[in-house]
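Data first, discussion second: the structure below is written as structure tokens.
The values are calculated or read from the model by the stated rules, or taken from the named source; none is laboratory data. Just so we're clear, the structure is a prediction, and the values are computed from it rather than from any experiment. Every residue, glycine as well, gets a Cβ built from its backbone with ideal geometry; the counts of neighbours run over all protein chains shown. Only protein heavy atoms, including side chains, enter the accessible area calculation; ligands, DNA and RNA are left aside. Shrake-Rupley method; radii C 1.70, N 1.55, O 1.52, S 1.80 Å.
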Amino acid sequence: MKYFNKTPLPGRVSAEQRLNSFNPSEYKRTRNFIKGNVSKLSPYVTHGILSLAEVYDSLTTKYNLRSDHKFINELMWRQFFHHVWTKKGENIFSSLAEEPVPKSFYRSELPGDITRAKTGLAVIDQTIKGLYESGYIHNHARMWLAAYIVHFRKVYWKVGADWMYSLLVDGDLASNHLSWQWVAGTSRSSIYIFNAENVNKYGPEEFCVRGTSLDKSYSELSDLAYSQKIIRNELIKEEELIPFEPPQIESYPPIDLPDIRNANLDNFFLIHPWNIGFSDETSSGMRKVGIIFEEFHKKWPWSTIKWDFVLKSMEEACDDIFICRDASQIGKCLSTYNQHLEEIPRFPFDRVNMVFEKKIGVEPQQYCHSFSKYWRKIEKTIT
Ligand SMILES: Cc1cc2nc3c(=O)[nH]c(=O)nc-3n(C[C@H](O)[C@H](O)[C@H](O)COP(=O)(O)OP(=O)(O)OC[C@H]3O[C@@H](n4cnc5c(N)ncnc54)[C@H](O)[C@@H]3O)c2cc1C
């Protein structure tokens with residue numbers, strides 16, 4: 001059987017259907033298995049079609065979950081990564097701690113056999129093909145792919161993180177780049193690696209890498225990770241790779257949008273790609289104006305699948321959608337705050353009246369560098 005994921009359906013109705021059909025009772029036992037019962041809610045959460053607090057409220061009420069339930073714990077990882085981004089800002093895009101091997105050992109671009117899904121290692125090639133086809137990867141497979149790229153092929157983590165971010169429909173700068181740092185060992189004192197046995201236990205049959213260079217003990221692979229050595233592609237040499245077009249990554253939306261400069265807007269509610277589903281009493285009755293910020297995407301381009309998901313979801317939620325080439329042109333309006341807005345040059349925070357999204361528990365004021373510290377502080381405030 002071919003391994004594949006489906007592209008998530010856009011819009012609030014699809015988000016609610018997914019939320020209502022997810023039962024977390026088997027989550028803890030099965031979540032590490034590629035075919036386990038995970039929620040696939042991440043694209044909706046990333047783009048604010050569902051808020052994290054809404055997912056939390058809905059599932060805790062329906063299933064009477066306690067704050068120490070594994071699913072809640074995973075929601076909190078997302079909130080933690082945003083806590084780190086808020087406190088550390090742009091620093092999350094550089095190593096937060098020293099790399100496990102000198103930085104000069106790492107390549108600064110992805111080898112062609114990886115972008116072509118031709119490494120000869122089924123777990124890696126199937127995962128990349130799945131990412132290209134659907135824009136989604138299971139958490140465990142993200143860890144395998146990131147560990148392979150960083151530790152076994154010695155590509156600098158940020159290179160892999162930028163690539164994966166642009167292709168994931170749920171691509172979120174904090175969750176993605178900080179997860180890569182977690183795997184790379186540049187935000188903590190250890191690294192994440194895996195071997196063929198681990199893939200055999202948690203992956204489907206078609207991921208099997210028994211008898212390959214990954215079929216080694218953890219201690220052998222750890223020695224490799226902490227050395228200058230790499231795992232070579234035993235099947236194909238770089239020069240033998242057939243030409244291949246990976247999915248298009250676009251800095252511009254694939255449809256023509258009117259320019260906000262020519263719009264006559266006053267006192268509107270600004271919908272951006274990270275608050276698409278937001279509504280409350282203050283915004284009800286206001287004109288909902290979707291805005292795509294061109295300058296964000298010059299730095300952070302998206303795959304066609306991600307563009308399609310975001311634009312269709314915005315079409316459903318907004319009265320109009322515009323492209324904005326210079327964020328300083330935005331007039332007085334109301335919106336919801338999201339840290340991604342900080343990546344938009346000249347975003348007029350002084351003119352945009354921000355509503356802040358409800359968090360799960362009370363955010364610690366002090367910076368928590370580890371999830372366990374964050375969790376210890378916030379757990380007692382979760383009701
Ligand atoms: C290398 C790497 C890159 C990642 N990039 C992203 C990314 O760009 N965007 C993203 O949302 N998540 C990212 N994650 C975290 C995690 O893989 C996804 O959130 C999860 O796989 C999404 O699937 P799901 O909704 O079925 O998750 P579920 O297991 O059902 O979890 C429910 C929700 O909890 C949150 N969550 C779960 N696990 C994590 C986690 N480890 N870290 C942060 N939040 C979590 C997500 O919002 C998710 O939707 C990354 C993880 C790794 C290892």
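Based on this model, can you work out whether Ser67 counts as out of contact with any Leu (no Cβ under 8 Å at 6 or more places or on another chain) and not in a helix (DSSP H, G or I)? Considered against the rule, which asks whether it is out of contact with any Leu (no Cβ under 8 Å at 6 or more places or on another chain) and not in a helix (DSSP H, G or I), Ser67 comes out as yes.
When the residues of region 4-28 are filtered to those that are small (Gly, Ala, Ser) and within 17 Å of Trp274 (Cα to Cα), the one that is farthest from the ligand (Cβ to nearest atom) is Gly11. Restricting attention to region 49-83, the residues being of a type outside the set (Ser, Thr, Tyr) and within 11 Å of the ligand (Cβ to nearest atom) number 17.
Of the residues making up region 16-46, those that are touching a residue at least 60 places away in the same chain (Cβ under 8 Å) and over 20 Å from the mean Cα position of the chain (by Cα) number 0. Here Gln329 fits the description: farther than 18 Å from Phe278 by Cβ, assigned by TED's automatic domain parsing to the domain that holds Ile260, open to solvent by 10 Å² or more (accessible area, probe 1.4 Å) and not β-branched (Val, Ile, Thr).
Across region 29-48, which residue is farthest from the ligand (Cβ to nearest atom) among those that are within 17 Å of Leu173 (Cα to Cα) and in a loop (DSSP other than H, G, I, E, B)? Top of the filtered list is Gly48. Restricting attention to region 2-50, the residues being at positive phi and open to solvent by 20 Å² or more (accessible area, probe 1.4 Å) number 1.
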